[in-house]
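Trainee: Next up is a structure, given as structure tokens.
The values are calculated or read from the model by the stated rules, or taken from the named source; none is laboratory data. Predicted model only: the values in this text are computed from it and were never measured. Note that each Cβ is placed from the backbone with ideal geometry, even for glycine, and that neighbours are counted across all protein chains shown. Each accessible area value is taken on the protein alone, full model and side chains, heavy atoms only, with ligands, DNA and RNA left out. Shrake-Rupley method; radii C 1.70, N 1.55, O 1.52, S 1.80 Å.
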Amino acid sequence: MTPAASLMLPPVSFVMPVLNEAAYIAEAVASIFAQNYPNEFELLLVLGNSTDGTTALAAELAEKHPQIRLINNPTNHIPAALNLGFNAAKHSVIVRVDAHSKLNSGYVERAVTELLRTGAANIGGVMRAAGRTKKQQAIADCYNSPFGLGGGVYHGEAPAGKAESAYLGVFNRAAAVQAGGFDETILRGEDWELNRRIRNLGEKVWFDPQLKVTYYPRDSFRALAKQFWATGVWRAVIMRRYLSEHPARFFAPGLLVAALLFSAIITVIGGVGFTNNGNLTLLFLGLALPVSYLLGLIFAVFTMRPQNIRAALLRLSALPVMHLSWGLGFWRGFLFGGGSSVDRSRLR
């Protein structure tokens, strides 16, 4: 891009929901200031009720950088935080950012350029998970694998083009406002739901594989299970509303849990029958799915090329935590709705 073309890019507003991110917020903010965007920008930190010192760190960052504004989010919920940020933003282009991630070099300039070139209402790129510890890296490898999150376009390297949703997103603010903003009754998956409404207005959601974001997943299996439970609950709620519009991969975790439960029942019946000279065939049928699932997990771990046995075992543990937590949450949401279910993995 020529210097003259860069000067034509509009000013942007970054919006970052923040809750208990003391370990990550400084790196996330630093990646924004390292963009060297060729026009004015502001960063809105929308602060939930953190208990780990995040709010004090955010205040220190705001003292250091006059571009930072702090906004309170008493609900702690991401959709509410995003609406607060979008409504308070000064500029016509809004860059959604995550305190658990960092933008790769040139992300914003490329995104805004492509947003204007394509006429899209929202544009996003590739999420590449990374880890600081061995356990977090194992979880990150499962994120990056199609066996972990199902191969959504922004987890891979698909060609540029129209998409159903966008990771994070760089928005034409007017289009997001016209679509009604984020639905605050949906506590996870709010991005997919807003992008659905944007597309239904005849606007484009665009994917550009040259846009890269590094994401740090949860760093414990307990936190991972909480996150994926909430994801499953709210994905099911959204699917109940828009059943025909979802790719088949979103059904997979719920179907897996249902099939494993059925297999367990068949195994028990077959086992009881076998002890009484009963049905050996039923016992083998009951065991077939869990054994096949375990073999599939081992194959998936093999494709990640772990460096040693410990790394393989960590990945072998992370995958079923992701699958089964999502699947159990899915049935909770599908049968009973979302209720008060929230992602408790960042609560202290």
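Trainee: Gly333 is checked against (1) of a type outside the set (Ser, Thr, Tyr); (2) open to solvent by 70 Å² or more (accessible area, probe 1.4 Å); (3) in contact (Cβ under 8 Å) with a residue 24 or more places away in the chain and fails just one. What number does that condition carry?
Mentor: Only one criterion is unmet by Gly333, namely (2).
Trainee: Considering only residues that are loosely packed, with under 13 Cβ neighbours inside 10 Å and modelled with pLDDT of 90 or more, look in the stretch 262-280 and name the one that is farthest from Ser292 (Cα to Cα).
Mentor: Going through the qualifying residues, I end up with Ile265.
Trainee: If the Cβ limit is 8 Å and pairs must be 6+ apart or interchain, which residue in the stretch 218-230 that is at negative phi pairs with which residue that is among the aliphatic types (A, V, I, L, M) and outside any helix (DSSP H, G or I)?
Mentor: Correct list of pairs: Ala230/Leu187; Ala230/Val342.
Trainee: Open to solvent by 70 Å² or more (accessible area, probe 1.4 Å) and modelled with pLDDT of 95 or more: is that true of Val233 in this structure? Break it down into steps so the answer makes sense when it comes.
Mentor: Numbers: open to solvent by 70 Å² or more (accessible area, probe 1.4 Å): no; modelled with pLDDT of 95 or more: yes.
No.
Trainee: Examine the stretch 225-240 for a residue that is over 15 Å from the mean Cα position of the chain (by Cα), in a loop (DSSP other than H, G, I, E, B) and farther than 29 Å from Asn20 by Cα, and state whether such a residue exists.
Mentor: No - not one qualifying residue is present in the stretch 225-240.
Trainee: Please give the helices (runs of 4 or more DSSP H) falling wholly within the stretch 93-207 in which 3 or more residues are crowded, with 22+ Cβ neighbours inside 10 Å and on the phi < 0 side of the Ramachandran plot.
Mentor: 107-118, 134-144, 190-200
Trainee: Under 25 Å from Leu44 (Cα atoms) and touching a Phe, Trp or Tyr at 6+ places or on another chain (Cβ under 8 Å) - does that describe any residue in the stretch 133-143?
Mentor: Within the stretch 133-143 (the criterion being under 25 Å from Leu44 (Cα atoms) and touching a Phe, Trp or Tyr at 6+ places or on another chain (Cβ under 8 Å)), the answer is no, since none of the residues qualifies.
Trainee: Of the numbered conditions (1) touching a residue at least 12 places away in the same chain (Cβ under 8 Å); (2) of a type in the set (Lys, Arg); (3) over 17 Å from Val97 (Cα atoms), Arg69 fails exactly one; give the number of that condition.
Mentor: (3)
Trainee: Counting just the residues of the stretch 321-348 that are outside any helix (DSSP H, G or I) and modelled with pLDDT under 80, which one comes out farthest from Pro217 (Cα to Cα)?
Mentor: Among those that are outside any helix (DSSP H, G or I) and modelled with pLDDT under 80, it is Ser340.
Trainee: Could you check the stretch 298-314 and list, in sequence order, the residues that are out of contact with any Pro (no Cβ under 6 Å at 6 or more places or on another chain), crowded, with 17+ Cβ neighbours inside 10 Å and part of a helix (DSSP H, G or I)?
Mentor: Ala300, Val301, Ala311, Leu314
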